[in-house]
Amino acid sequence: MTAVNGTGTSTQVGPPLWLLAELTYRCPLQCPYCSNPLDFARSEQELSTEQWFSVLRQGREMGAAQLGFSGGEPLVRSDLPELIAEARHLATTPI
């Protein structure tokens, strides 16, 4: 892969090692120190299960060795078990 830095010079970079999937901005806790953008949490415009499957597959195809879930609170997604199962399946599939 080639990346272009701020000065316009291209640099060879390796594959991503880690894909951190921000599954949702929703969160029931309202912690005062949290930097979660609350305006996004109200939008309800999250990716579907199938769209996340595609993102996870693309990350693996690019070479990501680890897949992680974050957000707001990923546990508010009803499809979290399916997303975890797909990530586990991809983890055992050769790149």
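The residues of segment 31-83 that are at pLDDT below 95 and β-branched (Val, Ile, Thr) amount to a single one, VAL76. Among the conditions (1) touching a residue at least 12 places away in the same chain (Cβ under 8 Å); (2) among the acidic types (Asp, Glu); (3) outside any loop (DSSP other than H, G, I, E, B), the only one that GLU46 does not satisfy is (3).
Annotation: of all residues in segment 76-89 being more than 14 Å from the chain's Cα centre (by Cα) and outside any loop (DSSP other than H, G, I, E, B), the one that is surrounded by the fewest Cβ atoms within 10 Å (Cβ to Cβ) is PRO81.
The values are calculated or read from the model by the stated rules, or taken from the named source; none is laboratory data. Please read these numbers as outputs of a predicted model, since none were measured by experiment. Heads up, the Cβs are rebuilt from the backbone with ideal geometry, glycines too, and the neighbour counts pull from every protein chain shown.
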